[in-house]
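The next block holds one structure in the form of structure tokens; read it before the comments.
The values are calculated or read from the model by the stated rules, or taken from the named source; none is laboratory data. All figures in this text were calculated on a predicted structure; none of them were measured in a lab. With ideal geometry, Cβ positions are generated from the backbone for all residues, glycine too; neighbour counts draw on all protein chains shown. Calculation scope for accessible area: heavy atoms of the full protein, side chains included, ligands and nucleic acids excluded. Shrake-Rupley method; radii C 1.70, N 1.55, O 1.52, S 1.80 Å.
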Amino acid sequence: RCPPGQCCIGIWNRSHALVQGCWGGAGAACPSAACTPSPAGPPGGAVLVCLCRGHLCNGNATATATGTGTAVGLG
């Protein structure tokens, strides 16, 4: 659970979670209630990140960024 005004964040590679927690961004930084991953780092890299609003929203992500549509459990 994140305090009011903070986003949930999930950072993971294609096989497991690297980081889950809260991020101090607010407003437009976390416009979505769903965790939809985006590539992070250099093009073609394996690191994905999502920001979302709502308690524990980073616990269930749809890995659309991989092109597979596979659900990724962030733990």
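With respect to A33, is the statement that it is at pLDDT below 85 and touching a strand residue (DSSP E or B) at 6+ places or on another chain (Cβ under 7 Å) true? No; evaluated as a whole, the condition is false for this residue. Residues in the range 32-48 that are open to solvent by less than 40 Å² (accessible area, probe 1.4 Å), within 16 Å of Q20 (Cβ to Cβ) and in contact with a Pro (Cβ under 9 Å, 6 or more places away or on another chain): 1 in all. So for the range 48-64 (the condition being assigned to a loop (DSSP other than H, G, I, E, B), out of contact with any strand residue (DSSP E or B) (no Cβ under 8 Å at 6 or more places or on another chain) and at pLDDT below 80), does at least one residue qualify? No: the range 48-64 contains no residue that is assigned to a loop (DSSP other than H, G, I, E, B), out of contact with any strand residue (DSSP E or B) (no Cβ under 8 Å at 6 or more places or on another chain) and at pLDDT below 80.
Would you check which residues across the range 1-24 are among the small types (G, A, S) and either surrounded by 14 or more Cβ atoms within 10 Å (Cβ to Cβ) or touching a Ser or Thr at 6+ places or on another chain (Cβ under 9 Å) (or both) and list them?
Filtering the range 1-24 for residues among the small types (G, A, S) gives 5, 10, 15, 17, 21, 24.
Selection gives G10, A17.
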